[in-house]
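Before any comments, here is the structure.
The values are calculated or read from the model by the stated rules, or taken from the named source; none is laboratory data. The model shown is predicted, which means the values in this text are computed figures rather than measured ones. Cβ coordinates were reconstructed from backbone atoms using ideal geometry, including for glycine residues, and neighbour counts include every protein chain displayed. These accessible areas exclude ligands, DNA and RNA; they are computed on the full protein's heavy atoms, side chains included. Shrake-Rupley method; radii C 1.70, N 1.55, O 1.52, S 1.80 Å.
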Amino acid sequence: MRRNRPRGLVVTAVLMLMALLGFGIPAAQAAGEDTGGSTGETYIIGTDTTFAPFEFRDASGELVGIDMDLMRAIAEDQGFQVEFQSLGFNAALQALTANQVDGVIAGMSITEERQEIYDFSDPYFTGEITLARDEGNEEINGWDDLEGKTIAVKTGSLSEEVAKEKQEEIDFNITSLDQTTTMVQTVKTGNADALMDDLPIIAYGIQQGSGLEMIDEPEPAGEYGFAVNKDQNADLLEMFNAGLQNVQESGQYDEILDTYIGNEDSGPDTSTFFGLAASIFPALMSGLGNTLLVTAISFALAMVIGLGFGFLKVSRNIFLRGIATTFIAVFRGTPILVWAFFFYFGLPLLLGTTVNIWVAGVLTLSLNGAAYIAEIVRGGIQSVDPGQMEASRSLAMSYGQSMVKVVLPQAFKMMTPSLINQLVIMIKDSSLLLAIGFGELLYQAQQIYAANFRVTEVLLIVGVIYFVTIYLLTLLANYVDKKVNK
């Protein structure tokens, strides 16, 4: 009988190595980024993902905006450092509650309800909210025209509260969404008739060519403040207030506002499609690097865990089979996003310590992937003719020897196509990690089109990058499979 080795493991290792080396993955980078040239204590600051002109990423992938520049200026003035975690508004507040971040700056209105939960800094911006419609839609000219219509608002924002108050007087529907870009696209596609958001946001969007136009008079939206958890980080809050006063007195505050509001030179990118692709390529490659790296690490762990539970699933011990069956049922029967939120936002509350976003991402992908790999392993082992085991046992080989030297080599050969398919699935599933602010490929794209509002073109470019990457990886995997399993 020909002596085969478990070549599936070799295939996996080669795949991951080639993925890492062949595609030149850039240095590991998530949504967080260090800023500030000071040498003092570093504070982690949560923020929104897409709230231009207060926080967004420019074409090069750098996190910029009024809030970002102001926080950096204050940190420089007060001698501390900041590390931003671009999570999304609601996720940033959840992270603050879970003590995953030290504070949140995200164009956040100071309200009585929020003051019961958070301590706010001195106000740094006085905001207004306004209605906007798709350009040319002359049916909507004010609140009274929204009778029976649908209005998009941002989840958890003051505009949502105002819209709900207006809903008591006027019968219209409310669609709550997480991001301004999504709200704009909802109106542009006709799924909502108008949107309500902060005046600077809508004004900046119009400047960037969003195709919207403002209607009705703006309404006061209160004042924006920097927030920390109630009765926590008082020193940080005190430094923020002192720094804010200094940058306002020095004129730096006005310079920051002028950079993003009223500066005509920061208008929409009017270059061609290929010009846009070239300008955003570095940021997308950074995201692609994170996508491949987190997938490679997760796939390696998933293989180890999946093999273990796969062997348990074919064990003769009913207790061990029960453990494997439970693990597979739990992770195959729950959405992957649930685990992403649990590991990043829930686990810190249980452990009393922060969880790195890479750890949360790898745990999410590897445990979910392991559940499927365990079933692949079980199916591969059980697909080997039982006569092979009987023949090897008749030659005086033990059960373990028969499994290692006879059954598993044949099983791994049959598993390889399914494992390659699982690797591809995990690459695509990694895009779900954008929900917790992980800086993978789709997250970077989201940041880019939030700033330039060229959603269709950016998503088309991202789709091509995903297709080319997965196609090349599949070709490589198939080539290695043929070489190793021929």
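Looking at segment 341-375, which of the residues that are in contact with a Leu (Cβ under 6 Å, 6 or more places away or on another chain) and within 29 Å of T416 (Cβ to Cβ) is surrounded by the fewest Cβ atoms within 10 Å (Cβ to Cβ)?
For segment 341-375, the residue satisfying everything is S366.
Quick check, is Y253 aromatic (F, W, Y), open to solvent by less than 70 Å² (accessible area, probe 1.4 Å) and touching a strand residue (DSSP E or B) at 6+ places or on another chain (Cβ under 9 Å)?
Numbers: aromatic (F, W, Y): yes; open to solvent by less than 70 Å² (accessible area, probe 1.4 Å): yes; touching a strand residue (DSSP E or B) at 6+ places or on another chain (Cβ under 9 Å): no.
Judged against the criteria, Y253 is not a match.
Go through the residues of segment 95-109 one by one and say whether even a single one is without any contact (Cβ under 8 Å) to a residue 40 or more places away in the chain, open to solvent by less than 10 Å² (accessible area, probe 1.4 Å), assigned to a helix (DSSP H, G or I) and small (G, A, S).
No: zero hits.
Which condition number does Y479 fail, the rest of (1) open to solvent by 30 Å² or more (accessible area, probe 1.4 Å); (2) hydroxyl-bearing (S, T, Y); (3) within 19 Å of the chain's Cα centre (by Cα) being met?
Checking Y479 against (1) open to solvent by 30 Å² or more (accessible area, probe 1.4 Å); (2) hydroxyl-bearing (S, T, Y); (3) within 19 Å of the chain's Cα centre (by Cα), the one that fails is (3).
Results for (1) more than 20 Å from A91 (Cα to Cα); (2) touching a Phe, Trp or Tyr at 6+ places or on another chain (Cβ under 7 Å); (3) open to solvent by 50 Å² or more (accessible area, probe 1.4 Å), shown as yes or no for each residue.
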| residue | (1), (2), (3) |
| --- | --- |
| G306 | yes, no, no |
| L312 | yes, no, no |
| F327 | yes, yes, no |
| G333 | yes, no, yes |
| I336 | no, no, no |
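Could you count how many residues in segment 138-165 are open to solvent by 10 Å² or more (accessible area, probe 1.4 Å) and free of Cβ contacts under 8 Å to residues at least 60 places away in the same chain?
13
Of the residues that sit in segment 209-228 and are modelled with pLDDT of 80 or more and of a type in the set (G, A, S), which one is nearest to R133 (Cα to Cα)?
Among them, the one singled out is G225.
Could you pull out the residue among E135, E76, E128, E116 that is among the acidic types (D, E) and either within 19 Å of N229 (Cβ to Cβ) or buried (at least 21 other Cβ atoms within 10 Å of the Cβ) (or both)?
E116
Would you call V455 aliphatic (A, V, I, L, M), within 30 Å of Y204 (Cα to Cα) and in contact with a Ser or Thr (Cβ under 8 Å, 6 or more places away or on another chain)?
yes
Which residue pairs have Cβ atoms under 6 Å apart, sit 6 or more places apart or on different chains, and have a first residue in segment 390-410 that is in contact (Cβ under 8 Å) with a residue 12 or more places away in the chain and a second that is β-branched (V, I, T)?
Cβ pairs passing all conditions: S392/V406; V407/V384; Q410/V384.
Against the definition (among the basic types (K, R), out of contact with any Ser or Thr (no Cβ under 7 Å at 6 or more places or on another chain) and either under 26 Å from Y443 (Cα atoms) or at pLDDT 85 or above (or both)), how does R72 come out, yes or no?
So R72 does not fit the description; no.
Across segment 462-485, what is the total count of residues that are small (G, A, S) and out of contact with any helix residue (DSSP H, G or I) (no Cβ under 7 Å at 6 or more places or on another chain)?
1
Select from segment 314-325 the residues that are open to solvent by less than 40 Å² (accessible area, probe 1.4 Å) and of a type outside the set (S, T, N, Q) and write down the one among them that is farthest from V407 (Cα to Cα).
G322
If I filter segment 276-290 for residues that are open to solvent by 10 Å² or more (accessible area, probe 1.4 Å), without any contact (Cβ under 8 Å) to a residue 24 or more places away in the chain and among the hydrophobic types (A, V, I, L, M, F, W, C), do I get at least one hit?
Yes, that holds for at least one residue.
Quick one: would you say V455 is crowded, with 17+ Cβ neighbours inside 10 Å, farther than 21 Å from L301 by Cβ and at pLDDT below 85?
Values: crowded, with 17+ Cβ neighbours inside 10 Å: yes; farther than 21 Å from L301 by Cβ: yes; at pLDDT below 85: yes.
Criteria met by V455.
Taking only segment 212-236 into account, find how many residues are farther than 26 Å from Q167 by Cβ, touching a residue at least 60 places away in the same chain (Cβ under 8 Å) and open to solvent by 10 Å² or more (accessible area, probe 1.4 Å).
6
Going by what's in this entry, would I140 be described as under 21 Å from A203 (Cα atoms), assigned to a strand (DSSP E or B) and more than 24 Å from the chain's Cα centre (by Cα)?
Judged against the criteria, I140 is not a match.
Step by step: first the residues of segment 186-204, then only those that are in contact with a helix residue (DSSP H, G or I) (Cβ under 6 Å, 6 or more places away or on another chain) and not in a strand (DSSP E or B), then the one that is farthest from Y224 (Cα to Cα). Which residue is that?
Taking segment 186-204 and keeping what is in contact with a helix residue (DSSP H, G or I) (Cβ under 6 Å, 6 or more places away or on another chain), we get 192, 195-197, 201.
Subsequent filtering for residues that are not in a strand (DSSP E or B) retains 192, 201.
Values: A192: 27, I201: 13 Å.
So, considering only residues that are in contact with a helix residue (DSSP H, G or I) (Cβ under 6 Å, 6 or more places away or on another chain) and not in a strand (DSSP E or B), the one farthest from Y224 (Cα to Cα) is A192.
Of (1) of a type in the set (S, T, Y); (2) part of a helix (DSSP H, G or I); (3) surrounded by fewer than 24 Cβ atoms within 10 Å (Cβ to Cβ), T175 satisfies all except one. Which?
Status for T175: all satisfied but (2).
Looking at (1) assigned to a helix (DSSP H, G or I); (2) at pLDDT 85 or above, which is the one condition that is false for V384?
Against the list (1) assigned to a helix (DSSP H, G or I); (2) at pLDDT 85 or above, V384 comes up short only on (1).
How many of the residues making up segment 44-58 are modelled with pLDDT of 80 or more and surrounded by 24 or more Cβ atoms within 10 Å (Cβ to Cβ)?
So the count comes out to 8.
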